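Contents: one structure, followed by commentary.
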Amino acid sequence: MSDRTRPARPRHLATAVLAVACLATAAACAPGPSGDSPKSAAKSNASPVSTDPATAGKVTLTEWDQNTDTGTNASTAALNKAFMKKYPNVTIKRVSRSFSDLKTTLKLALSSDNPPDVVQANQGYPDMGAFVKAGLLQPVDRFAKAYGWNTAFPSQLLDLNKFSTDGKTWKTGNLYGVSQTGELVGVFYNRAKLKSLGLTAPTTLAQFETALAKAKASGLLPISYGDSDKSPGIHIFGVVQAATAGKDEVRKLVFNDGGAKWTDAGTVKAGQTLRDWATKGYLSSGFNGQSGDQAAAAFAQGKSLFLVDGTWQAATLAPKMGKNAGFTALSPSAGASPLTQGGVGLAWAVTSKSKHPDVAAAYLNFLVDQQGMQVSADNGNLPALPPADYKPAAGTVQADVLDAWTAVSQKDGLLPYLDYTTPTFYDTLTAAIQELTAGQLTPQKFGETLQSDYSSFQQSK
């Protein structure tokens, strides 16, 4: 999620700087030395950059993205149209797939004889690390220097898109992309239904569970939840685990800092909590056969009190619910700071086989410069670098999202996504969550399954 040609960091970057302040600590926990610089990468990074696509002749640029949500879809379509209008010699062919579909098809596309030029690559070991290891992405450090990304983005944000050239060490080495959006996982709520139950927006896990019980007792579905496409399971589990395990433990687990195990009490308790919610009927009936989009649609239709999902859903919910949609981030306990998963959206990257890397990089810059960030905000998204005058109307879900983003960021409460942990962790974790919520895996066995994946990766490095 991510725009620019700017020589210096403007004041409006303060929010983004705060947003990633917590990640500075985590970055310090990243293992291993800086990546190597093989001759190919060094040569690529030293090559001169042409920043004017108008001089490139007729070019067709193929991009693959995961922006199927309302807001990101609209902003990507608008920016693609604007880029082609500015550079009529360039045609952009867009392939947009859901996050899950992109994960299962992108590596094959990158390995083909006719790969896309630009792709969105998920950070961490499963995707970006694997692509770098296989030589499927090219470093964009020279583009970052030419377009000023190094000064426009806080280093903590850029570090999320870095890898050693062997793909073994994250957040160091070469830069492999830039992100356009910021994001946070939290609790969307229906204001009218919450008021009818005599409740206010929960700010702690305990308050949230009180509201779940009250909603169930009143005959209202507590949480719209669908996990057939798997990623929703990571989000709802991550929200609970942040509260039960705490930020230090979660960061140690994801950043492989040692001293924490997936079988520790906090993670097992999170598993037990989620299992209890399923048993008590707090989640949609047949949730493992429903998609996340179906759950969001049901919530927008007023069929439940809550939806646990990412801020990327705000642009979809706002037009359907108006000011009835609200958003909050939870704290482990009263008086504690909010903790939750989030950071920046998938990185826009240039593929190794692109025949037009300079045009591809100019396109990336078009997405993440100030105009690109403004277009992203205009379509209901949370920009990675919010424009200086970005101020959503009070009482809207976008205002809630910005408030939560600021609160989480300022208080060092931003946690990494759990699937970053190992190259195979997305598949392991999503399958385990489905089995846990279906009653096929105990919370203890759930933790052991995750720890086995974690240990195998550590031993293989």
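The values are calculated or read from the model by the stated rules, or taken from the named source; none is laboratory data. Keep in mind the model is a prediction, meaning the values are calculated, not measured. Methodologically, a virtual Cβ is constructed for each residue, glycine included, from the backbone with ideal geometry; neighbour enumeration extends over all protein chains shown. Note: areas computed on protein heavy atoms with side chains; ligands, DNA, RNA excluded. Shrake-Rupley method; radii C 1.70, N 1.55, O 1.52, S 1.80 Å.
Number of residues in the range 180-200 that are closer than 19 Å to PRO232 by Cβ, of a type in the set (A, V, I, L, M) and open to solvent by 10 Å² or more (accessible area, probe 1.4 Å) equals 0.
Could you tell me whether any residue of the range 356-363 is within 24 Å of the chain's Cα centre (by Cα), aromatic (Phe, Trp, Tyr), under 30 Å from GLU63 (Cα atoms) and buried (at least 18 other Cβ atoms within 10 Å of the Cβ)?
Yes.
For the range 233-246, taking the residues that are in contact with a strand residue (DSSP E or B) (Cβ under 6 Å, 6 or more places away or on another chain) and open to solvent by less than 20 Å² (accessible area, probe 1.4 Å), the one that is farthest from ILE223 (Cα to Cα) is identified as ALA242.
Restricting LEU205, LEU184, LEU212, LEU197 to those that are over 23 Å from GLY380 (Cβ atoms), touching a strand residue (DSSP E or B) at 6+ places or on another chain (Cβ under 6 Å) and either at pLDDT below 95 or not β-branched (Val, Ile, Thr) (or both) reduces the list to LEU212. Scanning the range 311-326 for residues that are open to solvent by less than 10 Å² (accessible area, probe 1.4 Å) and modelled with pLDDT of 95 or more yields LEU317, ALA325, GLY326. Considered as a group, the residues in the range 167-178 that are touching a Gly at 6+ places or on another chain (Cβ under 9 Å) and modelled with pLDDT under 95 include one that is most open to solvent (accessible area, probe 1.4 Å), and that residue is LYS168. Is at least one residue of the range 300-310 more than 21 Å from TYR417 (Cα to Cα) and of a type in the set (Val, Ile, Thr)? No, there is no match, as no residue in the range 300-310 is more than 21 Å from TYR417 (Cα to Cα) and of a type in the set (Val, Ile, Thr). Among the helices (runs of 4 or more DSSP H) confined to the range 247-307, the ones with at least 1 residues that are in contact with a Gly (Cβ under 8 Å, 6 or more places away or on another chain), open to solvent by 50 Å² or more (accessible area, probe 1.4 Å) and hydroxyl-bearing (Ser, Thr, Tyr) are located at 265-279. Of the residues making up the range 423-447, those that are over 23 Å from the mean Cα position of the chain (by Cα), surrounded by fewer than 18 Cβ atoms within 10 Å (Cβ to Cβ) and not hydroxyl-bearing (Ser, Thr, Tyr) are GLU435, ALA438, GLY439, GLN440, GLN444, LYS445. Residue count for the range 64-94 under the criterion of being β-branched (Val, Ile, Thr), touching a Pro at 6+ places or on another chain (Cβ under 9 Å) and at pLDDT 95 or above: the result is 1.
With respect to the conditions (1) more than 20 Å from the chain's Cα centre (by Cα); (2) modelled with pLDDT of 90 or more; (3) in a loop (DSSP other than H, G, I, E, B), TYR390 falls short on a single one, namely (2). Taken over the range 402-422, the residue count meeting the criterion of being open to solvent by less than 10 Å² (accessible area, probe 1.4 Å) and touching a Cys at 6+ places or on another chain (Cβ under 7 Å) is 2.
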